[in-house]
Amino acid sequence: MNLFLVLTFLFFSGSLIGWGIEVLWRRFFSKANPERKWINPGFLTGPYLPLYGLSLCVLFVLAHFDVSFIPQAWLQKVVLFIIMSFCITVMEYIAGLIFIKGMKIKLWDYSNCWGNIKGIICPQYSFYWVILSAVYYFLIHPKILEWLYWFTNHLTFCLVIGFFYGVFTMDACYTFNLSAKIRTFAKEQKIEVRYENLKAQIQKKNEEFKEKRHFLFSFHTGKRNFADSIREIIREKKH
């Protein structure tokens, strides 16, 4: 079966499922959300997380990795899951580093976690990737080909995925344009903007001005509120 078609489908599925996982995690389990509010975890506006989409593609490819040189069957699985977790952690580190160095934006922050590296990766979340790799391997991977056969036999669903990528592209253009403005502020002030803090500040400003809150459009605010939120983060950074 066409590998490009497979990866296209997996990126679509992983991005949406990953977004759902993060929404539930932040709503019910995250210590960073003591008020238990619904939070859009995405860097983009829509309900998708590209890092999860890429991770699912990586898991699919690595699931075919030959580890038969290891004698014990159970050890083969353990080594495979560790390899999967390592690859995704490296990918997570590279993505985080690109945004920090290139855009002066920190998308997530593990600074309070033990053993973290620059607040981008840490052993705790790498362990979570091991667990998710095992869940994928035993529960999802066996169904992948079945899903893909269904997908290729239903052209209507192909149109849905095509629509997804169209919206995704426009969303990416909009968000990176906004990020360029954030980068300008951050570069002028020689700071690093924490993405979650910025969204929280904008939400606070909207509430102060009694503006309508938007779950997906986290940065939906007037230019004045946006600038004020950036300055608030700058003041916090300096103090």
**Q.** Vicinal HN-Hα couplings computed from phi for the stretch 107-116 (Karplus, 6.51 cos²θ - 1.76 cosθ + 1.60; Hz; Gly/Pro x)
**A.** 5, 9, 9, 9, 4, 8, 8, 5, x, 5
Q | Heavy-atom accessible area order for 111, 126, largest first, 1.4 Å probe | A | 111, 126
Q.
Give me the net charge for the shell around residue 120: Cβ to Cβ below 9 angstrom, other residues only, Lys and Arg +1, Asp and Glu -1.
A. 0
Q | Local electrostatic count, residue 29, Cβ distance below 12 Å [Lys/Arg +1, Asp/Glu -1] | A | +3
Q | Mean Cα-pair separation over length for the stretch 15-79, i.e. relative contact order, pairs under 8 Å, 6 or more apart, % | A | 33 percent
Q) Once you put a point 7 Å from the Cα of residue 148 and another 7 Å from the Cα of residue 172, both along the Cβ direction, what distance in nm separates them? A) 2.1 nm
Q. Summing +1 for each Lys or Arg and -1 for each Asp or Glu, what net charge is found among the other residues whose Cβ lies under 12 Å from the Cβ of residue 177?
A. +1
Q | Area of residue 141 that stays accessible when all protein chains are in place (1.4 Å probe, Å², to 10) | A | 40 Å²
Q: Determine the alpha carbon to alpha carbon distance for each of 31/77; 118/181; 31/104; 31/199; 37/187; 106/204 and list only those over 22 Å.
A: 31/77; 118/181; 31/104; 37/187
Q) Any idea how far apart residue 4 and residue 72 come out in nm if each label point goes 7 Å out from Cα toward Cβ? A) 4.4 nm
Q) What accessible area per residue comes out for the stretch 6-123, rounded to a whole number of Å², with a 1.4 Å probe? A) 50 Å²
Q | Accessible area in the full protein assembly, largest first, 1.4 Å probe, for 58, 135 | A | 135, 58
Q. Using θ = phi - 60° and the Karplus form 6.51 cos²θ - 1.76 cosθ + 1.60, what ³J(HN,Hα) does each residue of the stretch 46-56 get, whole Hz, x for Gly and Pro?
A. x, x, 7, 10, x, 4, 5, x, 5, 5, 5
Q: Search the structure for amide H atoms under 5 Å from the amide H of residue 194, placed 1.01 Å from N in the peptide plane, and list their residues when 5 or more places away or on another chain.
A: 106
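The values are calculated or read from the model by the stated rules, or taken from the named source; none is laboratory data. Owing to the predicted nature of the structure, the values given are computational and were not obtained by experimental measurement. In this analysis, Cβ positions are derived from the backbone assuming ideal geometry, glycine residues included, and neighbour counts consider all displayed protein chains. With ligands, DNA and RNA removed, areas are computed over all heavy atoms of the protein, side chains included. Shrake-Rupley method; radii C 1.70, N 1.55, O 1.52, S 1.80 Å.
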